[in-house]
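Asks: Take this structure first; my questions come after.
No value in this document is a laboratory result; all are computed from the given coordinates. Just so it is clear, the model here is predicted, and its values are computed rather than measured. Using ideal geometry, Cβ is built from the backbone for each residue, glycine included, and neighbour counts are taken over all protein chains shown.
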Amino acid sequence: ISFHIASIGILNILRFDSLDSAGNLPKHLESLLEKSKRYVLPERRVRSCPRVVKGKPQKYPRKCQSIS
């Protein structure tokens, strides 16, 4: 479920439908449940390349320690 879009839908119901009478609240909740089908995201595609954490390049060259 797309959390961002679903939270916007819930907040809009609480923000704008609170002006209506309390008896209409079950009707608004049913409409939210019907609309919730739109918030389900499609399945993710398989990645062509796996994710890899790249190494951070060194800012300064390393000092060579001589073996004595």
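Asks: Describe numerically, in nm with one decimal, the distance between label points set 7 Å from Cα along Cα→Cβ at residue 60 and at residue 41.
Replies: 4.3 nm
Asks: Stretch residue 13-residue 27 to full length: gain in nm at 0.36 nm per residue minus the Cα-Cα span?
Replies: This chain segment gains 3.9 nm when fully extended.
Asks: Related question: Using +1 on the beta carbon of Lys and Arg, -1 on that of Asp and Glu, and nothing else charged, what's the dipole of the chain about the Cα centre, debye to 20?
Replies: My answer is approximately 1040 debye.
Asks: Taking the chain, how much of its Cα-Cα pair set, in percent, is spaced more than 19 angstrom apart?
Replies: For the chain, the share of Cα pairs beyond 19 Å comes to 63 percent.
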